[in-house]
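Below is one structure, written out as structure tokens; comments come after it.
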Amino acid sequence: MVDSYLGIFGLLSDAGPVVLFVLSVLLSFSIVSWAIIAYKFTYVRKSLSESRAFLDYFFEIYNVDKVFVESEKYRKGSLPRVFRSGYVEYHALGDKADIRQLRVRIARAVNREANAESKRLSSLVPFLATVGNTAPFIGLFGTVWGIMTSFHNIGKAQSSSLAAVAPGISEALIATAAGLAAAIPAVMAYNYFTHQIGIIERDLEEFSPEFVAAFINEP
Amino acid sequence: MEKGQKRIDAEKNFSLWLVAAALMHAVVIFLAIYLQILDANRIVKPKIVSVSIVSLPGSGGSFEVSAKGGRESAPAPEAPHPAGSKKSVGVKEALPELAPVTPKKEAKPVTPKKETKPVKIKEKVPEAAPAPPKKVAVAPLPAKAKPKAVDKPADITKTLERLKQNVDKKMASSPSTSAGSLNNALARLQQKVQSEGHPVSTGSGSGKGSSSGGRSGAGKGYGGGGPSAPYQAEIASIIMQNWEFSKLLLKNSYGMEVYVRINILANGTINKIVFDKKASSEYLNNSVKKALEKSSPLPVLPKQEGTGDVWIGFVFTPEGIEK
């Protein structure tokens, strides 16, 4: 009676250990995927918006000291971070180095921070790709296993009636459904994040020389 | 130092999202289960309320069997009810006596009518005339009863109680007339049986008109009476084995009943399949038909059933076969 109330979920009570294990793996995949999606979404959105605001201010003022003070407001933006690392290097060298050496050192510091920022942006994102690629197969494995067990039981019961076959197959197909439910958002989020991170990385590549030039040309 | 702090902050942030995601999944799963339960409850509670059959003391169904099957049923202890002695109207005959006592309202839910349904389905001889299947058809009766049941379910129980009281009063007040009517009915029955040329054999039968009626008179165009209970049980189990049906495929199992009669020849072949009432699901109807076709030939009729054919009725529901 309770099973009939629970519908599809009621079938899980009869599921075998392998199917249950597959379902728990998929559930944990889904939980982690959604956590990454939420975390990365806020991170990337903030990085993009703060970078844009910082760039507007940078091209408006073009005074590195003022820009540095302003960049403190944008602590989560990628471009402000890169600029700050260049500024720190620029101030560390002071008047000790000549212009050529100064350019090289600042450029190196900016590139290093740009790389670090790129890594930070793309961290955890490959997990989404992994879930997107493997979850359907894991679900399929659970389904195949469930159907195997179901047919085995049918053979034991020596009955090929629909009543004997249908519940087992229905129960097994839950695994595929769970796999797809975990994979679809992961794939969509992966595509979104790779696109957004690509935009930020292009900005970093494009504006890093601008920052270096701004430090060198500073009177 | 600053970078380490940033990393810790980031990890903390991610852990928070992880917890939030886990909670979100829990909520989604609970919502899904809750909606399933809600949906199931909505299906379980139909708008039409089925009226349960109340058995009054001493149903006259057995006389139907005795009339056809050539066996007399043991008289029921209550006098007025066995008065129904004609085959399909056994109970109806008893009612006219009650009619003056009971008001019109109460006459509608008279339950003995319903009680006779399964007996008719199982044991009625349909070849005699096209009329019997009409009597057998049970769909119109619940249809009439249902609207009342929906409107005033409490009234029905009250009405039934009043009816019972009236019957009891009637029985108490005029035992002689009841006994007289019983005797008259028995006399009429005997005359009828003799005029039809059936052997009147004595035998035991239940007061409720069970299917353990006797054999039919062969060669008169009549089918057999109800076959023996073990034989019925045997063929029911065979049909059940051949019935390929999953109630999971029915969205709503309420009111899914198929009343079907089968004509079995002496060699066990199913000669005819008659649907007295079909379910709204074609899947259920087809599955029943296929199961019956697949089950043919059934085991040979027992010797005591004679050489003629017999009609047996079944009620198929998603839960199984009700004989």
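The values are calculated or read from the model by the stated rules, or taken from the named source; none is laboratory data. Remember, predicted model here, so these are calculated numbers, not experimental data. Glycine gets a Cβ as well: all are built from the backbone with ideal geometry, and neighbour counts include every protein chain shown. Only protein heavy atoms, including side chains, enter the accessible area calculation; ligands, DNA and RNA are left aside. Shrake-Rupley method; radii C 1.70, N 1.55, O 1.52, S 1.80 Å.
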Worksheet entry | Local net charge near residue B:287, Cβ-Cβ under 14 Å (Lys/Arg +1, Asp/Glu -1) | 0
Practice prompt. Just the Kirkwood number for segment A:28-75, please: inverse of mean 1/r across all distinct Cα pairs, in Å, one decimal.
Written response: 12.4
Worksheet item: Excluding ligands, DNA and RNA, what is the solvent-accessible area per residue of chain A at a probe of 1.4 Å, expressed in Å²?
Response: 52
Worksheet entry | Rel. contact order, % - alpha carbon contacts under 8 angstrom, at least six apart, chain A | 32
Worksheet item: Angle, helix A:125-157 long axis vs. longest principal axis of chain A, Cα atoms, 0 to 90°, nearest 10?
Response: 10
Worksheet entry | Accessible area buried between chains B and A, both sides summed, probe 1.4 Å, in Å² to nearest 100 | 2100
Item to complete: Please give the net charge around residue A:189, taking every other residue with its beta carbon less than 14 angstrom from that of residue A:189, where Lys and Arg add +1 and Asp and Glu add -1.
Response: +2
Worksheet item: Semi-axes of the equivalent ellipsoid of segment A:18-136: what are they in whole Å, largest first, if each equals the square root of 5 times a C-alpha gyration tensor eigenvalue?
Response: 41, 16, 9
Worksheet entry | Listing of segment A:30-73 residues, each with accessible area lower by at least 50 Å² in the full protein assembly than in the chain alone (probe 1.4 Å) | A:31, A:35, A:39
Response to the item:
extent check for segment A:115-156: Cα max minus min per principal axis, descending, whole Å, gives 61, 9, 7
Worksheet item: Comparing the chain by itself with all protein chains present, which residues of segment B:7-29 are at least 50 Å² less accessible (probe 1.4 Å)?
Response: B:14, B:17, B:25
Practice prompt. Work through the residues other than residue A:199 whose Cβ is under 12 Å from its Cβ and net out their charges, Lys, Arg +1 and Asp, Glu -1.
Written response: -1
Worksheet, complete the sentence: Cα-Cα longer than 21 Å, checked against A:46/A:73; B:247/B:278; B:247/B:290; A:66/B:12; A:66/A:119, kept in input order, equals A:66/B:12; A:66/A:119
Item to complete: Compute the FRET efficiency between residue A:75 and residue B:29 as 1/(1 + (r/R0)^6), taking r as their Cβ-Cβ distance and R0 = 30 Å, and round to the nearest 0.05.
Response: 0.20
Fill in: Accessible-area order (highest first, 1.4 angstrom probe) of the listed residues A:125, A:32
A:32, A:125
Worksheet item: Angle, helix A:17-61 long axis vs. longest principal axis of chain A, Cα atoms, 0 to 90°, nearest 10?
Response: 20
